[in-house]
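Below you'll find the structure, written out as structure tokens, and then a few comments.
The values are calculated or read from the model by the stated rules, or taken from the named source; none is laboratory data. These figures come from a predicted structure and were not determined experimentally. Cβ atoms come from the backbone with ideal geometry, glycine included; neighbour counts cover every protein chain shown.
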Amino acid sequence: MKKIEAIIRPHKLDEVRETLMELGFRGMTVHEVRGFGRQKGHSEVYRGSEYKVDFLPKVKLELVVPDKVLDDAVKAILKSAKTGQVGDGKIFVTPVEEAIRVRTEESGEGAL
């Protein structure tokens with residue numbers, strides 16, 4: 001099993017979620033996060049004073065998938081989250097040793 005963590009633009013969340021659901025992925029965890037990379041933030045004016053916004057709003061998706069469908073999930077996220085501009089985000093894939101469903105104590109891929 002693999003854990004996919006994808007940091008994307010907030011307005012792309014629904015599109016990514018719908019694409020993943022169409023492929024049969026049933027669950028994910030979503031966090032509202034803030035960060036910066038090459039996008040480096042921007043300046044805003046509030047009540048006549050200019051200030052720098054270093055951390056930009058992003059959305060972080062987390063989902064655990066069986067190894068055999070990892071490529072499909074990553075391709076779906078790439079396809080639906082990409083705008084072609086700086087700040088589209090990142091995808092991280094890490095191994096998952098075990099998954100356990102709390103309600104039934106089912107483990108392994110069956111817990112997904």
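Looking only at the stretch 6-43, how many residues end up being among the polar types (S, T, N, Q), under 22 Å from Ala99 (Cα atoms) and modelled with pLDDT under 95? Steps first, answer last, please.
Start the filter on the stretch 6-43 by keeping residues that are among the polar types (S, T, N, Q), which leaves 19, 29, 39, 43.
With under 22 Å from Ala99 (Cα atoms) added as a condition, the list becomes 29.
Add one more test, that the residue is modelled with pLDDT under 95, and what stays is none.
Summing the residues that are among the polar types (S, T, N, Q), under 22 Å from Ala99 (Cα atoms) and modelled with pLDDT under 95 in the stretch 6-43 gives 0.
Checking each residue in the stretch 58-90 for being touching a residue at least 60 places away in the same chain (Cβ under 8 Å), of a type in the set (Val, Ile, Thr) and over 19 Å from Arg26 (Cα atoms) picks out only Thr83. Only residues that are under 16 Å from Val69 (Cβ atoms) and assigned to a helix (DSSP H, G or I) were counted in the stretch 9-33, giving 5. Would you confirm whether or not the stretch 89-98 contains a residue that is basic (Lys, Arg), modelled with pLDDT of 95 or more, under 13 Å from the mean Cα position of the chain (by Cα) and not in a strand (DSSP E or B)? Within the stretch 89-98, not a single residue is basic (Lys, Arg), modelled with pLDDT of 95 or more, under 13 Å from the mean Cα position of the chain (by Cα) and not in a strand (DSSP E or B). Please indicate, with yes or no, whether at least one residue in the stretch 45-55 is at pLDDT 75 or above and assigned to a strand (DSSP E or B). No, every residue in the stretch 45-55 fails to be at pLDDT 75 or above and assigned to a strand (DSSP E or B). Filter the stretch 29-39 down to residues that are out of contact with any Gly (no Cβ under 9 Å at 6 or more places or on another chain) and charged (D, E, K, R) and give me whichever is nearest to Val59 (Cα to Cα). Out of the qualifying residues, it is Glu32. Applying a threshold of 7 Å to beta carbon distances and a minimum spacing of six or more residues, or different chains, the list of pairs starting in the stretch 3-28 at a residue that is within 14 Å of Leu63 (Cα to Cα) and ending at one that is surrounded by fewer than 15 Cβ atoms within 10 Å (Cβ to Cβ) and among the hydroxyl-bearing types (Ser, Thr, Tyr) reads Lys3/Thr94.
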